[in-house]
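Nothing in this text is a laboratory measurement; each read-out follows from the coordinates by a stated rule. Remember, it's a predicted structure, so these values are computed and weren't measured experimentally. Positions of Cβ are backbone-derived with ideal geometry, glycine not excepted, and every protein chain shown enters the neighbour counts.
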Amino acid sequence: MSIGLHNSAFKNPVIRWVDSRLPIFSMMQNEYGTFPTPKNFNYFWNFGALAMINLMIMIATGIFLAMHYTPHVSMAFDSVERIMRDVNYGWLFRYVHANGASMFFIVVYIHIWRGLYYGSYKAPRELLWMIGVVIFLLMMATAFMGYVLPWGQMSFWGATVITNLFSAFPYVGDHIVTLLWGGFSVDNPTLNRFFSLHFLLPFVIFGVVFLHVAALHITGSNNPLGIDVKTPQDTVPFHPYYTAKDSFGMVIYFMVFASLVFFAPNYLGDPANYIPANPLVTPTHIVPEWYFLPYYAILRAVPDKLGGVVLMFGSILVWFILPWLDTSPVRSMRFRPIAKWALLLWGVAFLVLMYCGGKPPEGIYVVLSRVATLYYFAYFLVILPLLGRIERPLPLPESIAKPVLRGGGPLPAGAATKPMEKA
Amino acid sequence: MFRSALRALALLGALAAGPALLPASAQAADAAGVEALPHPHFHFDGVFGTFDRASAQRGFGVYQQVCAACHGLRLLSYRNLRELGFSEAEVRAVAAAVTVNDGPNDEGQMFERPGRPSDRFRSPFANEAAARAANKGAAPPDLSVITKAREHGPQYLFALLTGYTDAPAGMTMGEGMNYNRYFTGNQIAMNAPLHTEGQVEYADGTKATVEQMAMDVTNFLQWAAEPEMEARKSMGVKMMIFLLILAMLAYATKRKVWADQH
């Protein structure tokens, strides 16, 4: 090898020629082939790869939908129906794209939950986690703007309600709203800019996902025990071990996806969005898509508009400082007897908020929303900072390869052959 | 056998989606102030459901003779009727019965001509204001996607069409309003569209009871809203079988790869 060329290990002359000058093959080999990965992942570690696949499905179907969609208030609804009726397999592309948004949120919510439960946000992965929160915010913006495009009743009124939230901010609020609308109400300029941004943002997400993965490959993956990799015995090469495992998970994911697309394509949608947008008729219940319901419940739990908006945005922004709010050095909740239950309760609060967000803001639903909102924030701002000081964690295993179980005895029968978890 | 296997899979999917499905189904339950919808068996129900073409063809007759006076079907073309089993000649005859505005011609004039199969269904009113003015202030909705635009669409449609009764004693009705057991607030501007047995004459000898007509037009409008349904479900069944086999292979591969790590 002459000076200035990358020393490639590939034998094939063409690959070697390219790799010596631009080592993309070496990079792929290092990052996805031989990459040392903790051997004890459970199926929760599948969801990052699934999110990546989901993003690619959304971009691929979205590009074809954009070829047939017309972003104009008088034509958008009909152009979507034309896709459904007259474009070859248009119904398939549209239903994959619409349900793909729901699948994306299901996958990402499980991915985030994995991070919360196994402490993936803690040092040294703080930045990795924060980049993830950025991706989630971008996803929310993209999903929101995408939902406006079919220009049905929920598109229009959802857009009206959500953009109006910004008017709660003092001094700049009204200007922000005018800027978002491109005028003085949700109208054609709004639809046009939302379409443009809805096309742009997925590629921004793609870029930030690249950073997310790049940061992951510096720190390496966390694992269900939450302890650091110490010896080569703790890891297996990514390929073929996790390519094989992720492939199985991917097929299961496709089965869930397909059962929605083919047998219940409108189950997660709101029927009102099949009524063309009408600025003169307000629907009885304006509800966002299911994945936004928890934040919608937080918004409505607060009697004050600005307070509600601040808490709603705060409910996600608080994730940015989570690595410093959690003061415990122990990552995995498996070894945190109290925090584990506090987190599970937080998960329940999240689901309660999701339930209440779809209900009218009255009676018991308001009470439930308030209690759940309070706990949502208390978990991050009070419980986690305190627990790190007062909680006594269980003894940590010595290494991933040699887990020390409680009592230190030999592995219980069956533990080593359990197919779901390679502990 | 396959049916139950697929149901199980669908259930698996539903479970995985878990909390996500909760709000949607919960929302469905609180259509306030009206009776619970009856759930008749629809031919298009379920994973293997298809359109009952004979019923949907009769339903088209009901639409033409009853609904079309006030309700449009603007997203469909006459040519789409071929998919319901109508012949080319029948479709041409249906289309030719309407007059379509076209133009401008070479002299720059708009002109009228008989409809063609490629034309969209002609809507009964020129615009929404006209529809509103002619119908006690409530514009009759277009029916192209009506079964997708209401909670439990087909069920609701069937219930609404068969839900006209006399108002209960003591209830004050608005002027010109009709009592319907399933309509929100129970007062609906639309007069009972299907009211008399034999109101629509069926060519195939089926007895045209109100229930039968309601069922037929529900079948027709479900087809109108989801013309792709049969292709979708049949592709879905093939897809699930393919994925099931792929899942078994992927799992076997995964077990084999990991065998040395256990």
Per-residue [θ]222 nm for chain A (sum of -39500 (n - 2.57) over DSSP H runs n ≥ 4, rounded to 500): -18500 deg cm²/dmol
Highest-MSF residue in chain A out of A:251, A:133, A:348 [GNM, Cα springs under 10 Å]: A:251
Exposed-loop-free span, longest in chain A, where GluC sites (Glu not before Pro) count as exposed if DSSP calls them loop and at most 14 other C-beta atoms lie within 10 Å: A:1-361
Nearby aspartates and glutamates by direct alpha-carbon distance to residue A:402 (threshold 15 angstrom, same-chain neighbours under 8 apart not counted): A:228, A:234, A:421
Long-range amide H partners of residue A:37 with built H, under 5 Å: A:236, A:238
Anchor residue B:233: lysines whose Cα lies under 28 Å away (excluding residues fewer than 8 positions away in-chain): B:148
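Let me check against my output: what whole-number percent is the relative contact order of segment A:1-101, with C-alpha pairs under 8 Å and at least 6 apart? Let's see the in-between values first.
Values: 55 pairs, mean separation 18.0, N = 101.
It rounds to 18 percent for segment A:1-101.
Could you work out [θ]222 nm for chain B from helices alone, using -39500 (n - 2.57) per DSSP H run of at least four and dividing by all its residues? Round to the nearest 500 deg cm²/dmol. Present the calculation step by step, with values, prior to reporting the outcome.
Working: 8 runs with 110 residues, N = 262.
Helix-only estimate at 222 nm: -13500 deg cm²/dmol.
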Exposure proxy order (Cβ contacts within 10 Å, fewest to most) of B:256, A:39: B:256, A:39
Highest-fluctuation residue, A:354, A:255, A:67 considered, GNM on chain A with Cα pairs under 10 Å: A:67
Restraint check, A:340/B:254; A:122/A:230; A:340/B:256, Cα-Cα greater than 24 Å: A:340/B:254; A:340/B:256
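Please state, as a whole number in µm²/s, the translational diffusion coefficient that the Stokes-Einstein equation yields for segment B:43-104 at 37 °C and 0.692 mPa s, with Rh defined as the Kirkwood radius across alpha carbon pairs.
Details: Rh = 13.3 Å.
For the chosen part, D equals 247 µm²/s.
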Kyte-Doolittle mean at least 0.5, axial Cα span of 20 Å or more - DSSP H helices of chain A: A:47-68, A:90-117, A:126-148, A:188-219, A:238-258, A:337-357, A:364-378
Cα shape, chain A, gyration tensor, a/c 1.5 rule: oblate
Descending principal axes extents, segment A:40-286, alpha-carbon based, whole Å: 66, 49, 31
Net charge dipole size for chain B [Lys, Arg +1 and Asp, Glu -1 on Cβ; Debye, nearest 20]: 1040
Dmax and Rg, reported as Rg then Dmax, of segment A:217-298 (C-alpha, Å): 22.0, 67
Relative contact order, percent, chain A [alpha-carbon distance under 8 Å, six or more residues apart]: 22
Reach of residue A:305 by Cα under 24 Å, taken over lysines that are not fewer than 8 positions away in the same chain: A:359
Selected from B:176, B:205, B:153 as most flexible by GNM, with chain B as the system and alpha-carbon contacts under 10 Å: B:205
Over segment A:40-286, relative contact order from alpha-carbon pairs under 8 Å, at least 6 apart, %: 30
